[in-house]
There are 4 protein chains.
Amino acid sequence: MTGIVSVAMTRTAAVPVDDRSSPALGDRARIRVGIVGATGYVGGELIRLLERHPRARIVALHGRERDREPIASTHAHLGGTGHVIDARMPTDVDVIFLALPHGTSSTLVPDLVSHGTTVMDMGPDFRLRDPADYPRWYGFEHPAPELLASAVYGLPELHRAQLSGLAGRFPAIVGSPGCYPTATLLALAPLAREGLIDDLVIDAKSGVSGAGREPKPDMTYSEVNESVKAYGIGGHRHVAEIEQELAGMDATASARPVDFLPHLVPMTRGILSACHVRPRREVTQAELDALYRDAYADEPFVEVVGTPPSTKQVLGSNHCRVHVTADPRTGRVLVIGVIDNLVKGAAGQGVQAMNLCFDLPEEAGLEQLPLAP
Amino acid sequence: MTGIVSVAMTRTAAVPVDDRSSPALGDRARIRVGIVGATGYVGGELIRLLERHPRARIVALHGRERDREPIASTHAHLGGTGHVIDARMPTDVDVIFLALPHGTSSTLVPDLVSHGTTVMDMGPDFRLRDPADYPRWYGFEHPAPELLASAVYGLPELHRAQLSGLAGRFPAIVGSPGCYPTATLLALAPLAREGLIDDLVIDAKSGVSGAGREPKPDMTYSEVNESVKAYGIGGHRHVAEIEQELAGMDATASARPVDFLPHLVPMTRGILSACHVRPRREVTQAELDALYRDAYADEPFVEVVGTPPSTKQVLGSNHCRVHVTADPRTGRVLVIGVIDNLVKGAAGQGVQAMNLCFDLPEEAGLEQLPLAP
Amino acid sequence: MTGIVSVAMTRTAAVPVDDRSSPALGDRARIRVGIVGATGYVGGELIRLLERHPRARIVALHGRERDREPIASTHAHLGGTGHVIDARMPTDVDVIFLALPHGTSSTLVPDLVSHGTTVMDMGPDFRLRDPADYPRWYGFEHPAPELLASAVYGLPELHRAQLSGLAGRFPAIVGSPGCYPTATLLALAPLAREGLIDDLVIDAKSGVSGAGREPKPDMTYSEVNESVKAYGIGGHRHVAEIEQELAGMDATASARPVDFLPHLVPMTRGILSACHVRPRREVTQAELDALYRDAYADEPFVEVVGTPPSTKQVLGSNHCRVHVTADPRTGRVLVIGVIDNLVKGAAGQGVQAMNLCFDLPEEAGLEQLPLAP
Amino acid sequence: MTGIVSVAMTRTAAVPVDDRSSPALGDRARIRVGIVGATGYVGGELIRLLERHPRARIVALHGRERDREPIASTHAHLGGTGHVIDARMPTDVDVIFLALPHGTSSTLVPDLVSHGTTVMDMGPDFRLRDPADYPRWYGFEHPAPELLASAVYGLPELHRAQLSGLAGRFPAIVGSPGCYPTATLLALAPLAREGLIDDLVIDAKSGVSGAGREPKPDMTYSEVNESVKAYGIGGHRHVAEIEQELAGMDATASARPVDFLPHLVPMTRGILSACHVRPRREVTQAELDALYRDAYADEPFVEVVGTPPSTKQVLGSNHCRVHVTADPRTGRVLVIGVIDNLVKGAAGQGVQAMNLCFDLPEEAGLEQLPLAP
């Protein structure tokens, strides 16, 4: 009965751009971007950010079984962009974002990189360097293990040098970090680099969007609202990334397996990772303050804050806030990291890494301030 | 016991700007903005938007009893901007936003306009043209009734011509619309202009942020969550604006008082206004489709959509979505409008009107796409 | 990896019961209850209420494809009851509750009533008296139209006399009302009986549990949270019940079709129905007060309240709150009704009607006070 | 403008009661209960539970500055009970519940017990046995330190023997546990009694109602929704109770201070306490299963469950669910406890303890099953 009114598409003008070329871009003014898996939540966020990116242009959105559907069918809020889904894999792009289930992108990437495309893989297929971790944590044999060594773990705060200019090298593969590891590693990196982590308990809380868009029985509003629960007990897959990267900063830290417990809380976005650290030696608050201030003074997206941050303080932005405390009563150090799981924990981080790969300003397209309340 | 770490402020770079002068701006590259009442929710949204505006620069944030406090004390999410609150009224600004309780700004505006400052009043003091409406609906005698006739009701979709270039005229006062009237008037304007509205019931639903930041007993999370209630029964103040503007479009519409019922729903942002219209004559869906398409085809922020919109589809953006249906069973026309109450319903609308006043591109600083999920 | 610990079932003792027999019960101390469709939300609420009912005993819980599964598999919160699902239809019961999709129970009921079982149908198959309404509103031809005339619409406040002792008659079929009609009809009944309703707009808001347990794409937490939307535009199925029952109270009221608009709001439980009435003649607040006070003075579950009620005030209880206001400005009467959609709007109402059918105290098993905050 | 309708109070009949006297009650059929601080959230829950308690009768509700106000003024959902607030301290009661800020009840209790009244103190004033803990954790000198030794910590699962029949002894003071300690101690007690706890990190999550009813700036819906944050870093007051009771079960456990970190999550009710334990020796899952099964097999309100419980599984009930897992990868034991903070974490626990004190059935008045979804 409902009358069907044709949507008046209103394509609001993009911000003015500086069209000077960059070495990695060659003569082209904007990098051409393709997004595979555009119909999920990470895909939607990539569209939201890249549609307003001053140096990028979305040229292809790929979605299975949705050929020729307007973007409004899956992302109603983005209907005004006028984009249309295409079931064919994007070609003639400078960079391709893959937002796919684990085990899928690794079958596509060898061909993509052979054509010189830079790959930003949002899933786990190129995060881990040890091929044996894939059957162990994800249940599949990696089909392209030879590419793992050269793939870069896309956390700019840890691997900026490797990411910079990567688009001009071969193969150009970024394994974009998981949401929990991002919040956790940014909280722990300054301690890990100093070799200060002895015992470690990570207790993390996530909004529901991290579980993806697929409707599952325990993801309905009625089940999630007014409820908190732990899950992934005994070994969530993100442990593998966390242990790998901590070991990369402090070889001795890998001696003890990480105790990581995630929780689902009734909110859509946001991750808070509480890291309970027993330090190798006594540390003072003043020492911690200096350590963290120095570590993040020049980081555009990491803020060290003096009061315990809430996830809402970074909602919708690419920011991470970190709060560190020495507790003289227990002798422990507590570090808390908060991010928006879909931005700094996924799409925004991918864009940040892409900017580095193409020698663009690191903050391009990521200038949005957090949305609160 | 909590260790206090100094906040490492990270001021991310603003987007590149086009510094060509406009007639209304004279030679200045960016308009200088002051915000009075910067510590409330509307104030926070103004900062969020204007901090990234390519042609504006925040030069003063005023807050009572918070002199010299960093902005992070009241708007933690905006701590990275490095702004500081000032208890003195802003001077040497091109435009001043007033986000104050009713009855306050009307005491300040005469002096402000006498100095040539353009005033964007976010409260109701300059929305109503009839001075008698102030004692009736707001309980105070207007202290500057002579200014009401020249103040412009700041809904660009209804009063664009009056707003354009207003900064160069005297007095330059914009009474920025209330949140409910914005969603309602954009839903009804095409019908009203055609004189099609006979009987009218407006049933609206709002998120909690519309009630402001002040902690009140019935605004705590525990009271609001899992609960819906109606309020303002018998005459919410926004009725006055709605009736005034409807009458402006269709003198005959003012014959019958508007039945307007607002509800509080458990969400932070968003307004949905459901307008049940008994039309003066039978109208078909095809006629409505054409009417609304024509009305909003060129509007940058209003989208006519073919499926009932949710408030989340416009969250964090300056967009309004409108959906119109003829119901042959009842003979009524239903029109639904949704907005983000703090953006198109307040701060964003104020920026949009400011852009018009200064002959800037209407969408400047408002390019953000909606944030979903 | 997760360690599996066997659940220690703790069956807390039921409240003391009075085992005197009632005429309708014969010699049996407790009525034997079967629930078909026990795995859905209404099924779960029926278990919650009947498990503590002093005069009833659950003897069979039926669920398709879940044979022999402990109840904890589908209703984790009820695991302590120790119940087990059975795929066979219950037999040897006094009363059977059917919580099934529309079009299903009508194929089962003829056989059930032929065995003398009292049927409480929670779906729509026995709510409407006119067989032609089923193809029109539900898209199926009713397979047992001859039973519709004798089925009782199970709203005790309207049909108490017909429900009382029904268990001893043939056929004993109760069509338990929908959630929206319950809130709406209790709000409107006093006006309807007086023939006072002229024009009528019903604008209702519901929590998500009303949509059932099935995970659907637009029912996930991420989609529902921070969002309001209208749906069922142009004719929600519950219109049929509302029009039927209003006509039953006031034949002239049926002249105009009901304008009914439901909304989905971000909460799990609760319905608020706002009824905007243009009365046939002028009515005063004093008249309305007396009318409603008289109508509901002896009703155990309906409270007429002097301030606009929130849905939370009845959460988890079988209560309905009604608030009525005359608006001299518009000449309209506004009536608001709130209920818990799963209790007074479904399971609780079914238990209340069952109590009447078996001549039990109407409040038996429904004594729980609302749960707030 | 709103019409004021007098509320038609509907006092639904209480469940049938068994009026046999108990030794502790003497000849009286029901114990007479007074509630001091009846207008807060714990007060409201006490009314909700005791109003339906088969062996208790509320005879006085005390609230400061609200003399003669109907209960509906503060607890709208309880308006139907018809209770009225009284500003005078209750007299002629068998038991008095004190739901007051810390430091207040300790000034009232000496007089109350001198009259033979049994005191259920819901605040912290009689939870700690060491008077020195009050200045340290709560900032006040205890005014009646001589009563601390005889006060009983009201966690029935730990101190049932001391609580049983306490009403007949002098002084009869129960210090009802805090919400976090309840969930935590029930999770840890079986391990503590075996001396198995070496290192311990407690990471807890609470709904907002635990912060009480007072409207505070960071407790509004707009601030809490879509946000998680940690608080009480460096030493939340509940640490004192947790350490005291753990030491009572295992003297060696007190060697290391407890690392306890609470979080505020966007929900109204519920606590989840995740206890990360490094055991003194290796333990198997089978050993843990047996240990917990044995510990709680006869407990009416504690369920050991095989899948990680959500807080919603106990909402509105006096139940606690506990889940224990050995993690061979890390060598740690994880124990999770969930409760409704206002029921098992406050009012329900107080009623349970009261039942024991008066030799009533422990579950009396607490039979309600959890409310889900």
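The values are calculated or read from the model by the stated rules, or taken from the named source; none is laboratory data. Remember, it's a predicted structure, so these values are computed and weren't measured experimentally. A quick note on method: Cβ atoms are made from the backbone with ideal geometry, for glycine too, and the neighbour counts reach across all protein chains shown. For the accessible areas, the whole protein counts, side chains as well, though only heavy atoms, and no ligand, DNA or RNA atoms are used. Shrake-Rupley method; radii C 1.70, N 1.55, O 1.52, S 1.80 Å.
Key figures for this structure:
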read-out: Residue within the stretch C:355-362 that is within 14 Å of chain B (Cβ to nearest Cβ) and among the polar types (S, T, N, Q) present; value: no
read-out: Positions within the stretch A:325-341 being in contact with a helix residue (DSSP H, G or I) (Cβ under 7 Å, 6 or more places away or on another chain) and more than 8 Å from chain B (Cβ to nearest Cβ), in sequence order; value: A:Val333, A:Val335, A:Ile336, A:Gly337, A:Val338, A:Ile339, A:Asp340, A:Asn341
read-out: Residues of the stretch B:77-114 satisfying the condition of being in contact with a Phe, Trp or Tyr (Cβ under 6 Å, 6 or more places away or on another chain) and at positive phi; value: B:Gly103
read-out: Residue that is nearest to the chain's Cα centre (by Cα) [pool: residues in the stretch A:338-373 that are among the aliphatic types (A, V, I, L, M), farther than 21 Å from A:Pro309 by Cβ and outside any helix (DSSP H, G or I)]; value: A:Ala364
read-out: Top-ranked residue in the stretch D:287-298 [being acidic (Asp, Glu) and more than 7 Å from every other protein chain (Cβ to nearest Cβ); ranked as surrounded by the most Cβ atoms within 10 Å (Cβ to Cβ)]; value: D:Glu287
read-out: Residues within the stretch C:307-318 that are within 14 Å of chain B (Cβ to nearest Cβ), assigned to a loop (DSSP other than H, G, I, E, B) and open to solvent by less than 10 Å² (accessible area, probe 1.4 Å), tallied; value: 3
read-out: Options C:Asp259, C:Asp199, C:Asp250, C:Asp203; residue that is over 17 Å from the mean Cα position of the chain (by Cα), within 14 Å of chain A (Cβ to nearest Cβ) and of a type in the set (D, E, K, R); value: C:Asp259
read-out: Only one of A:Leu50, A:Leu25 that is touching a strand residue (DSSP E or B) at 6+ places or on another chain (Cβ under 7 Å) and either within 14 Å of chain B (Cβ to nearest Cβ) or at pLDDT 95 or above (or both); value: A:Leu50
read-out: Odd one out for A:His115 among (1) in contact with a strand residue (DSSP E or B) (Cβ under 9 Å, 6 or more places away or on another chain); (2) open to solvent by 60 Å² or more (accessible area, probe 1.4 Å); value: (1)
read-out: When residues of the stretch A:289-304 are limited to those that are assigned to a helix (DSSP H, G or I) and under 21 Å from A:Ile339 (Cα atoms), the one nearest to the chain's Cα centre (by Cα); value: A:Tyr296
read-out: Single condition C:Gly210 does not satisfy, out of (1) within 14 Å of chain A (Cβ to nearest Cβ); (2) over 30 Å from C:Glu363 (Cβ atoms); value: (2)
read-out: Lone qualifier among A:Val302, A:Val265, A:Val322 - being within 11 Å of chain D (Cβ to nearest Cβ), modelled with pLDDT of 95 or more and open to solvent by less than 10 Å² (accessible area, probe 1.4 Å); value: A:Val265
read-out: Residues located in the stretch D:290-310, provided they are of a type in the set (Gly, Ala, Ser) and touching a residue at least 24 places away in the same chain (Cβ under 8 Å); value: D:Ala295, D:Ser310
read-out: Any hit, the stretch A:276-284, residues being more than 10 Å from chain D (Cβ to nearest Cβ), in contact (Cβ under 8 Å) with a residue 24 or more places away in the chain, outside any loop (DSSP other than H, G, I, E, B) and open to solvent by 10 Å² or more (accessible area, probe 1.4 Å); value: yes
read-out: Residues satisfying the stated conditions in the stretch C:154-183, i.e. more than 10 Å from the chain's Cα centre (by Cα) and of a type outside the set (A, V, I, L, M); value: C:Pro156, C:Glu157, C:His159, C:Arg160, C:Gln162, C:Ser164, C:Gly165, C:Gly168, C:Arg169, C:Phe170, C:Pro171
read-out: All positions within the stretch B:311-323 that are on the phi < 0 side of the Ramachandran plot and either touching a residue at least 40 places away in the same chain (Cβ under 8 Å) or in contact with a Cys (Cβ under 9 Å, 6 or more places away or on another chain) (or both); value: B:Thr311, B:Lys312, B:Gln313, B:Val314, B:Leu315, B:Ser317, B:Asn318, B:His319, B:Cys320, B:Val322
read-out: Filtered residues of the stretch D:53-84 (kept if outside any strand (DSSP E or B), away from every other protein chain (no Cβ under 13 Å) and either in contact (Cβ under 8 Å) with a residue 60 or more places away in the chain or closer than 21 Å to D:Val351 by Cβ (or both)); value: D:Gly63
read-out: Residue match in the stretch C:333-345 (condition: buried (at least 24 other Cβ atoms within 10 Å of the Cβ) and free of Cβ contacts under 8 Å to residues at least 60 places away in the same chain); value: no
